1. Might you let me know whether the stretch 78-87 holds any residue that is within 16 Å of ligand 1 (Cβ to nearest atom), surrounded by 12 or more Cβ atoms within 10 Å (Cβ to Cβ) and assigned to a helix (DSSP H, G or I)?
2. For the stretch 239-266, what are the residues that are more than 22 Å from Arg138 (Cβ to Cβ), touching a residue at least 40 places away in the same chain (Cβ under 8 Å) and of a type in the set (D, E, K, R)?
3. When you look at Leu107, is it surrounded by 16 or more Cβ atoms within 10 Å (Cβ to Cβ) and within 16 Å of ligand 2 (Cβ to nearest atom), yes or no?
4. Only one of these is without any contact (Cβ under 8 Å) to a residue 40 or more places away in the chain and within 16 Å of ligand 1 (Cβ to nearest atom): Leu217, Leu213, Leu269. Name it.
5. Could you list all residues from the stretch 124-154 that are within 16 Å of ligand 2 (Cβ to nearest atom) and among the acidic types (Asp, Glu)?
6. Say whether the condition of being acidic (Asp, Glu), more than 20 Å from Phe151 (Cβ to Cβ), surrounded by 13 or more Cβ atoms within 10 Å (Cβ to Cβ) and at pLDDT 95 or above is met by at least one residue in the stretch 49-59.
7. Which one of these is at pLDDT 95 or above, within 16 Å of ligand 3 (Cβ to nearest atom) and under 29 Å from Ala7 (Cβ atoms): Ala25, Ala110, Ala21?
8. Under 6 Å between Cβ atoms, which residue pairs at least 6 apart in sequence (or on different chains) link something in the stretch 275-291 that is more than 18 Å from Ala177 (Cβ to Cβ) with a partner that is loosely packed, with under 11 Cβ neighbours inside 10 Å?
Amino acid sequence: MPDGEAAPIPAGAPGVQLYPAPFEAVVTLLRQGIDALAAEEGFPRLAIPPVVPRALVERAGYVKAFPQLLGTVHSFAGTPAEWKELAPHAVEGGAWDSAQRAGDLVLLPAACYPVYAGLAGRELAQPERFAVEGQCFRQEATSEPGRLRSFRMVELVTAGTEAHCLGWRASWLETVAGWLRGMSLKVEIEVADDPFFGPTRRLFQAAQRAQELKYELKVPVADGLVQAIASANFHKDHFGEVFGFTGEGAPGNTACMAFGIERIVLALLHAHGGRPAEWPRSVIDAIRGDN
Ligand code: ATP
Ligand code: ZN
Ligand code: MG
């Protein structure tokens, strides 16, 4: 464990940070811990790039539900003559970006979306499982500690029948709560909702809560600031319907266990102090999952 302060360093824009070596050493321990929890069940790893096809988030319903959070990838597709008009602005500080156009990619908003799209057309006789990690982007309105625009999300994902996904989600919620409590974090499990945008917000949030589709594991990450450091989600057959895959003949159900990597590290720094090299051995062992 490298010596020194782990606190993230501001990168010059709200919600974007740089991470010193002691912070990253804790990230490495967390990945080991999650791997240890997941080892028995077995989750093939799938590497996820930080961009996804725009068509994917449109089909998944993300654009409709969370237009305020989505980051689109724009680029200049004009001619050299058109750029000649704009080029001076790039030097003098003007609207050099006035001809940028949205392309066929957007920034990854959550690590699990590409997994569901990848199941398109499949008939799942057995549940599928994947372990993923993504660099996610969300255009958050505020930038208190732990509310980043660029952050890492590790997810364990499954697809299959409704009964499988519900049982899987309940069991992972307990497993992860136990793991986090083993690190001496004060964990509250709460039914939660997502920040749907616009006039339908309350209706969608009430429906989501009534069906208990989302559980959050909430922990203090700074003085007076409690945040979800992980969430356990059940999507019913939403992704099976939109991407066209089935579990035992019916539209496929899905569930995911998501870990907010930076937030878990912040919670640990808040609980055990800013220098991980000075944390008790028992905390390190608990994170890594050797008990
Ligand atoms: P919140 O309610 O705090 O906005 P969320 O419901 O949007 O969180 P999810 O969509 O469930 O979060 O994302 C999975 C996990 O990713 C969260 O439990 C959290 O730990 C982490 N996460 C979500 N948004 C951010 C963010 N803006 N910065 C850092 N981590 C985040
Ligand atoms: Zn997910
Ligand atoms: Mg959010």
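The values are calculated or read from the model by the stated rules, or taken from the named source; none is laboratory data. The shown structure was predicted, so the numbers you read here are calculated from the model rather than taken from an experiment. Please note: Cβ atoms are built from the backbone with ideal geometry, for glycine as well, and neighbour counts cover all protein chains shown.
1. Residues of the stretch 78-87 that are within 16 Å of ligand 1 (Cβ to nearest atom), as a first pass: none.
Checking the stretch 78-87: not a single residue is within 16 Å of ligand 1 (Cβ to nearest atom), surrounded by 12 or more Cβ atoms within 10 Å (Cβ to Cβ) and assigned to a helix (DSSP H, G or I).
2. Glu248
3. yes
4. After applying the criteria, what remains is Leu213.
5. Residues satisfying the conditions are Glu128, Glu133.
6. Taking the stretch 49-59 and keeping what is acidic (Asp, Glu), we get 58.
Now restrict to residues that are more than 20 Å from Phe151 (Cβ to Cβ): 58.
Filter once more, so that each one left must be surrounded by 13 or more Cβ atoms within 10 Å (Cβ to Cβ): 58.
Narrowing the set further to residues that are at pLDDT 95 or above leaves 58.
Yes, because at least one residue in the stretch 49-59 is acidic (Asp, Glu), more than 20 Å from Phe151 (Cβ to Cβ), surrounded by 13 or more Cβ atoms within 10 Å (Cβ to Cβ) and at pLDDT 95 or above.
7. Going through Ala25, Ala110, Ala21 in turn, just one is at pLDDT 95 or above, within 16 Å of ligand 3 (Cβ to nearest atom) and under 29 Å from Ala7 (Cβ atoms): Ala110.
8. Ala277/Asp3
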